[in-house]
1. Taking the Cα atoms only, what angle lies between the long axis of helix 69-86 and the longest principal axis of the chain, rounded to 10 degrees?
2. What order do you get for 8-19, 51-62, 85-96 when each peptide is scored by the mean count of other beta carbon atoms within 10 Å, highest first?
3. From the convex hull of the Cα coordinates of segment 57-96, what is the mean projected area in square nanometres?
4. Compute the acute angle (0 to 90°) between the alpha-carbon long axis of helix 220-230 and the principal axis of greatest extent of the alpha-carbon atoms of the chain; round to the nearest 10°.
5. Among the DSSP beta bridges whose two residues both lie in segment 1-151, what percent are antiparallel, rounded to the nearest 5?
6. May I ask you to list the residues of segment 113-152 whose amide nitrogen lies under 17 Å from a point 7 Å from Cα along the Cα→beta-carbon direction of residue 214?
7. State, to one decimal in nm, how far the label point of residue 183 lies from the label point of residue 147, with both points 7 Å from Cα in the Cβ direction.
8. Residues of the chain: accessible area per residue at 1.4 Å, in Å²?
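The values are calculated or read from the model by the stated rules, or taken from the named source; none is laboratory data. Remember, it's a predicted structure, so these values are computed and weren't measured experimentally. No Cβ is skipped: glycine too gets one built from the backbone with ideal geometry, and neighbour counts run over all protein chains shown. Only protein heavy atoms, including side chains, enter the accessible area calculation; ligands, DNA and RNA are left aside. Shrake-Rupley method; radii C 1.70, N 1.55, O 1.52, S 1.80 Å.
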Amino acid sequence: MLILGIETSTKQSSVCLGTERGPVASASLGRGRSHAEFLAPAIEFCLRHADVPLSNVAGVAVGLGPGLFTGMRVGIATAQALAHARRLPVVGLNALDLLAFPVRYVRSNRLICAVVDARRSELFWAFYRPSRGGVQRVTDLRVGPPEKLAGEIEAVREDVLCVGDGAVVASSLLESAGATVASYGNAYPNAWALVELALPRFIREETQQPDDLRPIYVRSADARISWQNRGALFGGRPAERP
């Protein structure tokens, strides 16, 4: 089963074609062109270098955030457009899950904290424990200043591995609270982790309809802004939230 993964929740965009046997082709961009400018050429690049037509793709997986507002919207809109055009099933996954998943083998008994830079001097984060076949989220998704996360790390009194660009930004504070901060190479959620996590759901047919995909904002204010601006896309008044 060939799955296309699209991850644009942070400032690093990535695209991956993958199967149960591993990644087939991938592309990523840390900075430079915007998410929207990157995605279409990146998807075309992966298809061309994998030497497969778009018709071979069996499903689309997409990162839902939390993260950058524009990036999340672009990734989801692209996934929806492809899924509608090709009548494909979709799976949307949390960006913090994608950060925690690749580091599950680093000291398997260690508590993992996935941390995304939320801007406005805040972070998004959640805690995970390695589990059979992956990771299990053990807290809800949170947002707050770095000092709040540092306090939670001190309170758990366990060995904590922090991963993500938010952890890198606040590394000095988090390390002073007793955490270990993963290297910059693990700072962003990537499309291969997305495909790897989504594949079992496609196989079990636990998929979503394209129109059901929604960004994960965490901040309630961002969600309200989104609904208020929705009508402007059609040249009308701001939409009422249903």
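1. Orientation of helix 69-86: about 40 degrees from the principal axis.
2. Values: 8-19: 25.3, 51-62: 17.6, 85-96: 20.7.
Peptide ranking by packing, descending: 8-19, 85-96, 51-62.
3. Projected area, direction-averaged: 2.6 nm².
4. Roughly 20 degrees, rounded to the nearest 10.
5. Antiparallel: roughly 75 percent of the beta bridges in segment 1-151.
6. The answer is 141-142.
7. Distance between label points: 3.4 nm.
8. Values: 11990 Å² over 242 residues.
Spelled out: the 1.4 Å probe surface of the chain, per residue, equals 50 Å².
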